[in-house]
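*Asks:* Take this structure, written in structure tokens, and hold onto it; I'll ask about it next.
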Amino acid sequence: MTKLTEQQLQYLKSLDKGPFEFRDPRVAAFFERAADSGYSLETNGFFAHPGFFQAPHRKVLNGVDVVMLGSPLDLGAIGLAGARHGPDAIRRASRNYGPVHEQTGDIPFDACSVIDWGDVEWSATALDQRIEDIYQTVKEIAGAGCATLNCGGEHTTSYGCLKALSEIHDDSFGLIHIDAHCDTMSTWGGDAINDGSVFRQAALQGFIDPQRTVQIGIRGRAGFLWEFSHDSGMTVITADEVHEKGTQWVSDQILEIVGSTEKTYFSLDVDSLDSSVMMGTTGPEPFGLTPRQVRSLISTARHCNVIGADMVEVNPNRDTDGSSAWVAAALFFELLCLITHCRKQRQDTFITQW
């Protein structure tokens, strides 16, 4: 092989730029300001900003567009306890994702002012009181005009979020719900609101509109518990239908049912994913969705008016090698990009300041 010429070497050396001299000026500008404030591409060791994706951790809402928060709850979970540790596991895994979306090029911290509120502070150990704590926290955040991205904890945490957002927006939302289970069963163990009944109760209280609700990825032995979904007019799409008809068909259903203008909430239960890639969850189910399919459906929601979202049921007790938390953190970043995109499309926004 012929040795490289001096001209070829000079060309290669011209490409050898500094660590933050990126071709894309938006990316370069982001790192120029964020790195000076402590944002780091290092994935190990101490972080100056240990929030989700290194978002600044504060509880001052002035000038904030999107608030991420953790709800470490598993008192109403039907299955093995451990989802209370989900927010902590996702925060730690999230250092491996962002700040640029690999498909769209979006930088959520440039699209909006984003903070990590921290975890909801519990006032008692009782399940009903902790649901109230989530409600009061999200009510404070939404009352300041912010969109919310909640990290559970069990699916019951969605109820407190929906209650607060519905009250602040004075609206009944459409719902995009990706899950193995419809979560529309009745009372379980004496608790009317639990992780298996959350969307029945949300519909009964007027937080969501069943006619604008689509539940995706449904499967498993508990199908007989979801009669309320069908009877109330919710659209139930099974995991088999996703595989057989494709994500484009599902996307068309989402846009037809939920629409692009009326307000919508997005809820992702990680047990929607096949148990081969998501064993670290409270109720793992085989024959499920792939992370790629779920990412595609989150992308579809960019055409909707999503004002709040959550990801729930990451259970580190079952995540033997940490791989479930990694996949979940990647999907949580997709949700962050979704929320910031929808926010910026519909109103003036700020940028994140560390």
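*Asks:* Within region 132-155, how many residues turn out to be among the small types (G, A, S) and either more than 17 Å from the chain's Cα centre (by Cα) or at pLDDT below 95 (or both)?
*Replies:* 3
*Asks:* Still on this model: Kindly establish whether D183 is at positive phi, touching a Phe, Trp or Tyr at 6+ places or on another chain (Cβ under 9 Å) and touching a residue at least 24 places away in the same chain (Cβ under 8 Å). Write out each step before concluding.
*Replies:* On the way: at positive phi: yes; touching a Phe, Trp or Tyr at 6+ places or on another chain (Cβ under 9 Å): yes; touching a residue at least 24 places away in the same chain (Cβ under 8 Å): yes.
So D183 fits the description; yes.
*Asks:* Could you check how many residues of region 58-110 are among the acidic types (D, E), surrounded by 23 or more Cβ atoms within 10 Å (Cβ to Cβ) and closer than 20 Å to V327 by Cα?
*Replies:* 0
*Asks:* Go through region 93-150 and report how many residues are within 19 Å of S299 (Cα to Cα) and either touching a strand residue (DSSP E or B) at 6+ places or on another chain (Cβ under 8 Å) or without any contact (Cβ under 8 Å) to a residue 12 or more places away in the chain (or both).
*Replies:* 7
*Asks:* Ok, one more. Of all the residues that make up region 293-311, how many are out of contact with any Ser or Thr (no Cβ under 6 Å at 6 or more places or on another chain) and either of a type in the set (G, A, S) or over 23 Å from G259 (Cα atoms) (or both)?
*Replies:* Number of matching residues: 3.
*Asks:* Also, I was wondering about something else. Counting only residues that are farther than 21 Å from T261 by Cα and either touching an Asp or Glu at 6+ places or on another chain (Cβ under 8 Å) or basic (K, R) (or both), how many does region 139-181 have?
*Replies:* 14
Residue-wise test of (1) farther than 14 Å from M68 by Cα; (2) in a helix (DSSP H, G or I); (3) hydroxyl-bearing (S, T, Y); (4) in contact with a His (Cβ under 6 Å, 6 or more places away or on another chain).
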residue	(1), (2), (3), (4)
W117	no, no, no, no
S123	yes, no, yes, no
I134	no, yes, no, no
H177	yes, no, no, no
N194	yes, no, no, no
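*Asks:* Can you tell me which residues in region 182-205 are aromatic (F, W, Y) and over 23 Å from the mean Cα position of the chain (by Cα)?
*Replies:* W188
*Asks:* Still on this structure: Hey, among the residues in region 231-290 that are polar (S, T, N, Q) and assigned to a loop (DSSP other than H, G, I, E, B), which one's nearest to H155 (Cα to Cα)?
*Replies:* Here the answer is T282.
*Asks:* Which one is surrounded by the fewest Cβ atoms within 10 Å (Cβ to Cβ), of the residues in region 111-130 that are over 16 Å from P56 (Cα atoms) and acidic (D, E)? Before you say what the answer is, go through the steps one by one.
*Replies:* Going through region 111-130, the residues over 16 Å from P56 (Cα atoms) turn out to be 120-130.
Now restrict to residues that are acidic (D, E): 121, 128.
Working: E121: 8, D128: 13.
The residue in question is E121.
*Asks:* Can you pull out the residues in region 136-155 that are assigned to a helix (DSSP H, G or I) and either of a type in the set (A, V, I, L, M) or surrounded by 24 or more Cβ atoms within 10 Å (Cβ to Cβ) (or both)?
*Replies:* Going through region 136-155, the residues assigned to a helix (DSSP H, G or I) turn out to be 136-143.
Scanning region 136-155 gives T137, V138, I141, A142.
*Asks:* Can you tell me which residues in region 156-213 are at pLDDT below 95 and in contact with a strand residue (DSSP E or B) (Cβ under 6 Å, 6 or more places away or on another chain)?
*Replies:* N194, G196
*Asks:* Okay, moving on. With the requirement that a residue be crowded, with 18+ Cβ neighbours inside 10 Å, out of contact with any strand residue (DSSP E or B) (no Cβ under 7 Å at 6 or more places or on another chain) and assigned to a helix (DSSP H, G or I), what does region 307-325 give you?
*Replies:* Hit for region 307-325 is P316, nothing else.
*Asks:* Take the residues in region 156-199 that are among the charged types (D, E, K, R) and surrounded by fewer than 24 Cβ atoms within 10 Å (Cβ to Cβ); name whichever of them is farthest from P284 (Cα to Cα). Outline the logic, then answer.
*Replies:* The first filter runs over region 156-199 and keeps only residues among the charged types (D, E, K, R), leaving 163, 167, 170-171, 179, 183, 191, 195.
Still in the list and also surrounded by fewer than 24 Cβ atoms within 10 Å (Cβ to Cβ): 163, 167, 170-171, 191.
Numbers: K163: 27, E167: 33, D170: 35, D171: 33, D191: 22 Å.
Across region 156-199, the extreme among qualifying residues is D170.
*Asks:* Pull out all pairs, ordered by first then second residue, where Cβ-Cβ is under 6 Å, the residues are six or more apart or on different chains, the first lies in region 227-238 and is more than 12 Å from I178 (Cα to Cα) and free of Cβ contacts under 8 Å to residues at least 60 places away in the same chain, and the second is of a type in the set (D, E, K, R) and crowded, with 17+ Cβ neighbours inside 10 Å.
*Replies:* F228/R200
*Asks:* For R292, indicate whether it is loosely packed, with under 15 Cβ neighbours inside 10 Å, under 20 Å from the mean Cα position of the chain (by Cα) and closer than 21 Å to N315 by Cα. Give the steps one after another, and end with the answer.
*Replies:* On the way: loosely packed, with under 15 Cβ neighbours inside 10 Å: yes; under 20 Å from the mean Cα position of the chain (by Cα): yes; closer than 21 Å to N315 by Cα: yes.
When the stated conditions are applied, R292 passes them.
The values are calculated or read from the model by the stated rules, or taken from the named source; none is laboratory data. No experiment lies behind these values; they were computed from the predicted model shown. Every residue, glycine as well, gets a Cβ built from its backbone with ideal geometry; the counts of neighbours run over all protein chains shown.
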